[in-house]
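One structure is given below, encoded as structure tokens.
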Ligand code: ADP
């Protein structure tokens, strides 16, 4: 069913997040074990200092709380199933998922968000926007194995008649995700949105990340395109109609490439 498929894509995205998150959990567990050891050492010392024990125990609790927060964010992300478009502020969806993104891309990549100061609302399911951001962040991470910058910015965008091939003139919200990664050669750009197209070896890619992004954006009445420069990086640009819009419940059409390069 559609719900099941949606869920699977979510679990897939979660699986791809797992690498960075496992690393962070490992760090938190390391802190917990270390400070628990300090507590025991202090407690068993000839003159135990209760203040030191309390301070160390507090570190254990803090690390535990960080772990709980992260788990909650992951569960929230995994559980959302039914697509329910609402009028929402894209900037606040980005803020909601920022921590999760930061954990999953790892410390070697710097996440920079540049939200527009004034942004009209869009009509979208917030869970789908989170999924879109996760998919694009995972791709950016995979393109920057030795580190780099991931920039997420939003802006208002007004399209004049004839300015865009797929979109009617009017007000749009532009969401851009840019990385300073390896980029793509033109033949990969051409095929990037194709379902099951992947260049990732050893079963690391499903080829569904960008196809899912395409589906989400199209269903919301928007468009997505990408530009990429081998060796310099990739920018994915999403345009979503501003304001409260009618959503068609029709199935998502097959990808029509709006990709370009250079
Ligand atoms: P997957 O990530 O599972 O391979 P996607 O549909 O998300 O599937 O991406 C398809 C292909 O497009 C990737 O295998 C990769 O070659 C390329 N790609 C996507 N995003 C980026 C990016 N940010 N930088 C470089 N290449 C990318």
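The values are calculated or read from the model by the stated rules, or taken from the named source; none is laboratory data. What you see is a predicted model; the values in this text were computed from it and never measured. Using ideal geometry, Cβ is built from the backbone for each residue, glycine included, and neighbour counts are taken over all protein chains shown.
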- Query: Does the range 207-229 contain any residue that is in contact with a strand residue (DSSP E or B) (Cβ under 8 Å, 6 or more places away or on another chain), more than 17 Å from residue 132 (Cα to Cα) and within 7 Å of the ligand (Cβ to nearest atom)?
  - Reply: yes
- Item | Criterion: under 14 Å from the mean Cα position of the chain (by Cα) and more than 19 Å from residue 71 (Cα to Cα) - qualifying residue of 166, 171, 179 | 179
- Note on the structure: Within the range 118-143, residues being within 16 Å of the ligand (Cβ to nearest atom) and surrounded by fewer than 20 Cβ atoms within 10 Å (Cβ to Cβ) number 2
- Sort out which residues of the range 185-206 are buried (at least 20 other Cβ atoms within 10 Å of the Cβ) and either within 29 Å of residue 85 (Cβ to Cβ) or more than 9 Å from the ligand (Cβ to nearest atom) (or both), and write them in order of number. 192, 193
- From the options 110, 154, residue that is modelled with pLDDT of 95 or more, assigned to a strand (DSSP E or B) and crowded, with 18+ Cβ neighbours inside 10 Å: 154
- Query: Would the range 146-164 turn up any residue that is under 15 Å from residue 225 (Cβ atoms), more than 10 Å from the ligand (Cβ to nearest atom) and free of Cβ contacts under 8 Å to residues at least 24 places away in the same chain?
  - Reply: yes
- Which residues, counting only those in the range 165-177, are surrounded by fewer than 22 Cβ atoms within 10 Å (Cβ to Cβ) and either within 16 Å of the ligand (Cβ to nearest atom) or in a strand (DSSP E or B) (or both)? 170, 171, 174, 176
- What single numbered condition from (1) crowded, with 17+ Cβ neighbours inside 10 Å; (2) more than 13 Å from the chain's Cα centre (by Cα); (3) free of Cβ contacts under 8 Å to residues at least 40 places away in the same chain fails to hold for residue 92? (1)
